[in-house]
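See below for the structure under consideration.
The values are calculated or read from the model by the stated rules, or taken from the named source; none is laboratory data. No experiment lies behind these values; they were computed from the predicted model shown. Glycine also receives a Cβ, built like all others from the backbone with ideal geometry; neighbour counts cover every protein chain displayed. Calculation scope for accessible area: heavy atoms of the full protein, side chains included, ligands and nucleic acids excluded. Shrake-Rupley method; radii C 1.70, N 1.55, O 1.52, S 1.80 Å.
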Amino acid sequence: MIQTLSKQMGGITYVWFLYRDGRTIQMYRGVTEQWKLNQDVSDSIEEKYTFRRQAKRRMEELITEKQAEGYKQDDIYGMQPGRKERETFRRRTKWLAYLLVGLGLFQFVTPFSLLPIVVLGIGIVLMFLAFISKDQLPMWLRIICFVDYFLMHVSFRQVQYIPHLFPILSIGTGTALLLYLRSKHKRKIEKIS
């Protein structure tokens, strides 16, 4: 993520570019009209951290420090609006899909069954996924999630008439979610390159 901070002084714009790539922060300092100054103002600094959260925290501290010095934050190079939410949604949906496939395989492979409340909880999560993901998932996948919620709700309320209903639904829905997310990610990569 790139953040740009700039400050006007005497007709010259001083600029800081802060770039965070995982655990590394790179900072570049310069001016827009270098020819107006006698000395070289450009400078670059690189800091490496053990964990991503440390680098993220340091990036926020640097932005706060520069804003205290009078720099204003220009987010023209930063993350596009909504992109962070889409990435978070994709990551959480991927984990839900893995959970669905895992729970379905657990019931097929072992003689144990899941508690009905767990099945209802997964069904409710699928219902929320069907209603909340208007901009993220296509209509056919949202319909599958809602139908799965409905069938899981019925199987929770009544005796299971269809053996292995939950494993079949969870493996199918989890696989459909994973395949859709992978194909969408591949299309995004092909579009970039």
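Miscellaneous remarks
- Modelled FRET efficiency - R0 22 Å, F51 with K84, Cβ distances, 0.05 increments: 0.70
- The phi-based Karplus calculation (6.51 cos²θ - 1.76 cosθ + 1.60; θ = phi - 60°) puts the 3J(HN,Hα) values of the range 164-173 at 6, 5, 4, x, 5, 5, 5, 5, x, 5 Hz, whole numbers, x for Gly and Pro.
- With every protein chain in place, the chain: carbon and sulfur % of accessible area (1.4 Å): 60 percent
- Relative protection proxy for 137-146, 103-112, from highest mean packing down: 137-146, 103-112 (other beta-carbon atoms within 10 angstrom).
- Label-point gap, in nm, between I168 and F146 - each point 7 angstrom along Cα→Cβ: 2.2 nm
- Simple spin-label estimate for D74 and D43 in nanometres, 7 Å along Cα-Cβ: 2.1 nm
- Taking the helices alone, the chain has a mean residue ellipticity at 222 nm of -19500 deg cm²/dmol, built from -39,500 (n - 2.57) per DSSP H run of at least 4 residues and averaged over all its residues.
- Computed from label points 7 Å out along Cα-Cβ, the spacing between L120 and Q67 is 4.5 nm.
- Computed lengthening from T175 to L99, 0.36 nm per intervening residue step minus Cα-Cα distance: 26.3 nm
- Taken about its Cα centre, the chain carries a charge dipole of roughly 520 debye when the Cβ of each Lys and Arg holds +1 and the Cβ of each Asp and Glu holds -1.
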